Each structure stands twice: as C-alpha cells, then as structure tokens.
Amino acid sequence: MTKKNIKTLLILVSTALLAWVLPWLIKLSTNEACRYPFTYYSSVKNEFFQVVKEDAETVLMDQSSHEYTRAEYDSLLPMLSYRQLLKDGRLPDSLNGKAISGKSIQLEQFYFKYSPRDKHHKQMDLNPMFESMSGRVQIESPDDLFSIKNKMVFIDAETNSVLENKSSQFHQAMIKRGYKFPTKMVAGNPSTKKLYDEGWFALDANNQLYHIKMVNGQPFVKDTKAGEKLDIDFVKTIETQNRRMYAFVFDRSGKLYYLSDVSYEPVQLPIDAYNTNTDGLSIMANPFYWNVVVTTPAQRITYALDNHTLEEVDRLTETRESTTWEKIHPYVFPFYIEMKSMYSKFVYPRLLGWSVKALVLNAVLAVLLAFLSYRRKQSIKPLQLLLVLCTGLYGLIALWLFNEKQQETRNVIQLK
C-alpha cells in the first residue's frame, strides 16, 4: 500500500471517528434527557394525578394544577397507596360500590413493562424447564436446560450431556401437536422468584404460538391458535395473582393483546398503533383501572382502561420538547454515528440522522476549503472537496489534521 493510499485511509477512518465523537460530545454537554412526571389515574376523583419535580421540590397535583399534601394524595390514590392507608388505618371498606381490602387489591394488581431492548437482544437458547405442578411453594431449579432452536434437546447442566429420553419425549410431543422447527422465538420467565410457573411460549416456523411446560414430569404441549388470528411480532410473559393472563402479544400491525387464561383467547387493548422497535410500554393495573403508558420518541400517552371491560375511560397526551441536539444537528451534521442505542442491547455502528439541510453548511465549508487552498497556493483536489461536501465538519477537520501534520513534516525537512 502506497503512502498516498495510507493517508486516504486514515482520513476516511478519522472522518468516521469524528462522526461518532463530535455528536456524542455535543449530546453529553447538553444532556437534556426527557423525564415525564409519574402519572396515575385516581379511582376516587376519576382523573389523572401527577408527581411533578420542580427544582428540589416534589409537587403532587391533579390536571387542574391543584396541589395536594402527601396524605391527601394517598387518600385520592388508594389503589396506589393502599399499603400506607392500611398502616394508617385509612383504607376505605368500599370504593365505587365495590368492597375492597388489602388482599383484594393485591389480587387484581400487576405491573408489566416492555422496552424495545426486550426484543433487540441476543436470545439465550438454553432455558430451564421447571416443574409446573411440583406442589412446593418455592419453584426449584432443574438440573438440566433445554434448547429449542432446531429440535427440542435437554442438556444436563453438570455433565453437558444430552438427556436422550427426555429430549425425545418432549420433541415427539411437540411434533405430534403440529409444531414446526426451527423455532423463531421463545418467551418465558427463567426466574425461580416468580409466583408460579406456566412454562414457555414458542413461536414455530409457521408463526404458530405453542404453550410448552412440564406437568408431573410429562410434556404439556398445546397450540394456542393465537397464530391463526394474529401476525405475531413479539411475546412477553407475565405472572399475575389472579392468573387472568399468560402473556402480552404484540402483532405486526401495531396492535397489543393479552393472551387470556380462557382458551388462550387474544384480548385487544384499545390503544393507538404501537411500534415494538421504538416505543416503551408500562401497565399498572388495579381492581378498577389499568394505567397503560405508551412512550414514543415524540410523546407519551397515558390511558386509563376499565379493569373488566378494558374500555378506554380517559387518556392524557404529553408531547416532549425537542432537545438542543435535535434542533441543531439537521443543520450542522449530514449524519452521525452511534455505537449504542436505547432501543437495542446490540453494540455496532449505526448511521443515523440523515439530513439534506446540512448540505448548505457542507457547501460553504467546501468553498472555504477551496479558498484556503488557493490562498496557500496549493492544488485544489476535487476528491477532498467532495469529501467535505458529503461529510461536512467531519471531513474538513480530518483533512485539516492530516494536511497540517504533513505541512509540519515538510517544514522540519526544509529546516534540516
């Protein structure tokens, strides 16, 4: 490789590094992360309440901006603060004509969270198959793990050997039920700290969703038929006290469902189109309402859904302001590189933020480079001008660094 080719390569590498480092430094210096206030729907006043951070103070208010003390806030949100109300002896016996107690509230409560990072990460192909009917209070970890990618295989965790009989037993049970390999996705909770075990849900090659678990040492395999009704994009399981559902299912048209404990029937949530690649989701449920929070890159929508019918009762939409970085980068940088993403656990270079608006500045910088070359009586190189026109500040800084270094070397040689 010639010296000229090495220099060209170094300039291109420097340009790419600057496209990563410069935007990162600007975002770090501005540091304007968007933080929405905590929001919860009151089953007493039937409106949204928020916890707003103002400087060093925490303000508890309703949608009319009326402020409340902590004790008042607890009383108006009894489903959220029921433990504190129980401690204080202030939990009402009934609410909205329904008898309530600490146990009844706990039975209907659950919390669910989804992040795009749940979908965009390397899935482990080794998972534990718990005994779902052990009769024990504590779920016990098995001595083996299963792999389900191309066939059902159980592997002894200590010896790393295949358990042929168990593997064949489960594999044949799956084939008999119509399961088609290879497996596209597996959803389940590998923790022993969960309330109970319902095994795993697997999406087969035909996009059919199967329920697989171990009951009294025997395989339980069932086609949920959800794949016949939905074009499934992602599945995340959940364990609730009342065992109302198995999992939440996202389809490719942007709809969200929960998989009911009644014949695996998908029940749709009445929310706007959901993007599993960019949107965050959290659900806080109580005996009266589901507080469903959908956070997109541009806004947050909080829904209050009736716990029994899942009809929308109310919604609150909050739009975030653009950060300094988002305002300036379309005019300054034609693109930028990120190694990490809030939407994924994978680390690799991502070309983002393409903007034709920055071409105006790029053209000015290219003219400036040509003018400086003319003033210095240097030849104007079209490829260097093209680099600056396409990459802007990144290319200009890279060229300046190497041209200045080259000029210093020449000066030293002349002095000698």
* What does the highest-first list of 208-214, 324-330, 254-260, 145-151 look like by mean Cβ count within 10 Å? -> 208-214, 254-260, 145-151, 324-330
* Charge-dipole axis of region 113-280 as Lys and Arg at +1 and Asp and Glu at -1 on Cβ define it, positive-most pick from GLY227, ASN242, SER115 -> GLY227
* Structure fact -> If the chain between VAL360 and LEU316 were fully extended at 0.36 nm per residue, the gain over the current Cα-Cα distance would be 11.9 nm
* Asked: Straight-line reach from LYS103: which lysines have a Cα under 28 Å away, not including same-chain ones fewer than 8 places off?
  -> LYS45, LYS87, LYS113, LYS193, LYS194, LYS236
* Compute the distribution of all C-alpha to C-alpha distances in region 113-280, in bins of 5 Å from 0, and list the percent of pairs in each, rounded to whole numbers. => 1, 8, 17, 21, 21, 16, 9, 4, 1, 0
* Structure fact -> Length gained, ASN160-ALA273, 0.36 nm per residue minus C-alpha separation, equals 36.2 nm
* To do: For LYS381 and SER141, compute 0.36 nm times the residue count separating them, minus their Cα-Cα distance, and round to one decimal in nm.
  => 79.6 nm
* Asked: What label, among (1) 1.11; (2) 0.96; (3) 0.99, belongs to Rg/Rh (Cα atoms, Kirkwood Rh) computed from the structure on display?
  -> (1)
* Using the Cβ atoms and a cut-off under 12 Å, what net charge is assigned to the surroundings of LEU163, where Lys and Arg are +1 and Asp and Glu are -1? -> -4
* Structure fact -> FRET efficiency (SER263, HIS66; Cβ distance; R0 41 Å; to 0.05) is 0.35
* Report the FRET efficiency, 1/(1 + (r/R0)^6), for LEU17 and TYR111, where r is their Cβ-Cβ distance and R0 is 56 Å, rounded to 0.05. => 0.85
* Can you give the calculated 222 nm mean residue ellipticity of the chain, where each DSSP H run of n ≥ 4 adds -39,500 (n - 2.57) and the sum is split over every residue, rounded to the nearest 500 deg cm²/dmol? -> -9500 deg cm²/dmol
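Every number in this text was worked out from the coordinates using simple rules, so none of it is lab data. All values derive from a computational prediction rather than experimental measurement. Positions of Cβ are generated from backbone atoms using ideal geometry, with glycine treated the same way; all protein chains shown enter the neighbour counts.
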